[in-house]
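Following: one structure in structure tokens, then a few remarks.
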Amino acid sequence: MAELQVRSRSNSVAKFSDEAIAAFQQGLRGRIASPGSEDYEQARTIWNAMIDRKPALTVRCLGAADVVRSVRFARDNDLLIAVRGGGHNIAGNAVCDGGLLIDLSLMKSVWVDTKGRTARVEPGATLSDFDREAQAFGLATPLGINSTTGVAGLTLGGGFGWLSRALGLTIDNLISADVVTANGELVRASEKENADLFWGIRGGGGNFGVVTSFEFKLHAVGPTVLAGLIVHPLDDAKEVMRFHRDFIEKVPDEFVCWFVMRQAPPLPFLPPEWHGKEILALAVCYNGDIAEGERIAKPLREFGRPIADIIGPMPYTAWQTVLDPLLTPGARNYWKSHDFKDTSDGLIEVMMEHARRIPDPQTEIACAQLGGAVTRVPRGATAYNHRDGKYVMNVHGRWADPAKDDACIAWARSLWKACEPFATGSVYVNFMTQEEGDRVRDAYGENFNRLVELKNKYDPTNLFGVNQNIKPTV
């Protein structure tokens, strides 16, 4: 009789007969994907090509009942489990080696209530799935910047994007969630039901259960926004960033300007002689009256000697996909991250120095701009804690050749270390790599002890441990 061997949480092996697996399958609406099958490879292959893990058992869930059954099966047999939504998590926590993979990527439905301005979203939905449905009615909620990112992982870590200065984090727009807890129960988490759990899932990652449905507030957005890039030579970055620093303090929250230092990709709007050379790119988005946005942006567009300026009206859905060609699946990725309260001269000098020796054309230094509505939510209101940081840096190491791993990782770590004196000490949990478990406390600051208490209540045996883990103490 054939036996399937599945890794347990204690690193021993649980053995299951064909009959036991067949009985497990019989209670599922989805299906079990076997190693070697096409759908198994689809389920285990995630965005970061540095992660190559092979679960022994994969359940491709089609609904909450499948998730409940899978969690109970894992709990009863003490199995190592990973939970996959969109599969974008940089640390690779969407998949495990030898254990049970609960794959939610087929649960992609999005329901929009235009009258109540809410959306109900399943955990396998991507930003593109969400935006496409909501923007059909001129509605949106703050999400990320790469349309293939999963809504679930983005939300559970906090979530921010182009709309966050005006409308807050993704979690600030979360109304409720359906969660399968470690004891295999499906519960509703909201301000009125299981409020402690609702607090924890708003930034605490997948530590407390598997979310099978999210309910979000929607806002009138677009469908046309003023957006685009202003590109400068890196040599001018110090002067441009000084201007940017003063300029951004005077604009309304609806106006956001992120910046990136990298080698110029061969984009059609960039002169060929600049391809491969170091640049500073300012990424602008304004959700409001287009003429007013152009008036606000005018001083920024007129400053310095830009190589290119492609700011103009465009569909919000198009702007949400503008970075997709630079963030396709299948590349090797290694990130490091800091939060900053400002962009001081010293910080800019450090970034410029490292930008001049970027180890691969796909690698970049990106800084998102927050502030505004994000800072107006009290620090203790959600598990996400670091609301005073106005800039979130992603040292985005990205390359194709495994032979470049050491050089690219060393460069990213060097930049991160050099930026440390300018940082707040906190970190965005969604930007942490698999080696940064020691920074989990930094991600949550004074909220950390409360999160441990919550873990003790909802997952005392650490069934949900393949994540940026908050370990129970009971």
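The set of residues from the stretch 138-167 being in contact with a helix residue (DSSP H, G or I) (Cβ under 7 Å, 6 or more places away or on another chain), part of a loop (DSSP other than H, G, I, E, B) and surrounded by fewer than 24 Cβ atoms within 10 Å (Cβ to Cβ) comprises Asn146, Ser147, Thr148. Could you please find all residues in the stretch 389-401 being more than 20 Å from Gln263 (Cα to Cα) and modelled with pLDDT of 95 or more? Within the stretch 389-401, Tyr391, Val392 meet the criteria. Listed conditions (1) touching a Leu at 6+ places or on another chain (Cβ under 9 Å); (2) crowded, with 18+ Cβ neighbours inside 10 Å; (3) assigned to a loop (DSSP other than H, G, I, E, B) are all met by Gly92, apart from (1). Checking the condition touching a Phe, Trp or Tyr at 6+ places or on another chain (Cβ under 6 Å), closer than 23 Å to Thr317 by Cβ and not β-branched (Val, Ile, Thr), which residue from Leu226, Leu218 passes? Only one candidate passes the filter, namely Leu226.
Looking across the stretch 46-59, the residues that are touching a helix residue (DSSP H, G or I) at 6+ places or on another chain (Cβ under 7 Å) and crowded, with 24+ Cβ neighbours inside 10 Å come down to Pro55, Thr58, Val59. Here Glu436 meets each of (1) surrounded by fewer than 20 Cβ atoms within 10 Å (Cβ to Cβ); (2) within 24 Å of Asn333 (Cβ to Cβ); (3) modelled with pLDDT of 95 or more with one exception, condition (3).
Every residue in the stretch 248-295 that is hydrophobic (A, V, I, L, M, F, W, C) and farther than 21 Å from Phe160 by Cβ, please. It would help to see each step written out before you state the result.
Of the residues in the stretch 248-295, the ones hydrophobic (A, V, I, L, M, F, W, C) are 248, 251, 255-261, 264, 267, 269-270, 274, 279-285, 290-291.
Matches in the stretch 248-295: Ala264, Leu267, Phe269, Leu270, Trp274, Ile279, Leu280, Ile290, Ala291.
Quick grid of which residues meet (1) aliphatic (A, V, I, L, M); (2) closer than 30 Å to Asn385 by Cα; (3) at pLDDT 95 or above:
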| residue | (1), (2), (3) |
| --- | --- |
| Phe269 | no, no, no |
| Asn287 | no, yes, yes |
| Leu300 | yes, no, yes |
| Pro313 | no, no, yes |
| Leu326 | yes, yes, no |
| Trp335 | no, yes, yes |
| Asp345 | no, yes, yes |
| Ile348 | yes, yes, yes |
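Of the helices (runs of 4 or more DSSP H) lying entirely inside the stretch 387-460, the ones with 2 or more residues being in the same structural domain as Gly371 (by TED's automatic domain parsing) are found at 405-419.
The values are calculated or read from the model by the stated rules, or taken from the named source; none is laboratory data. Remember, it's a predicted structure, so these values are computed and weren't measured experimentally. Every residue, glycine as well, gets a Cβ built from its backbone with ideal geometry; the counts of neighbours run over all protein chains shown.
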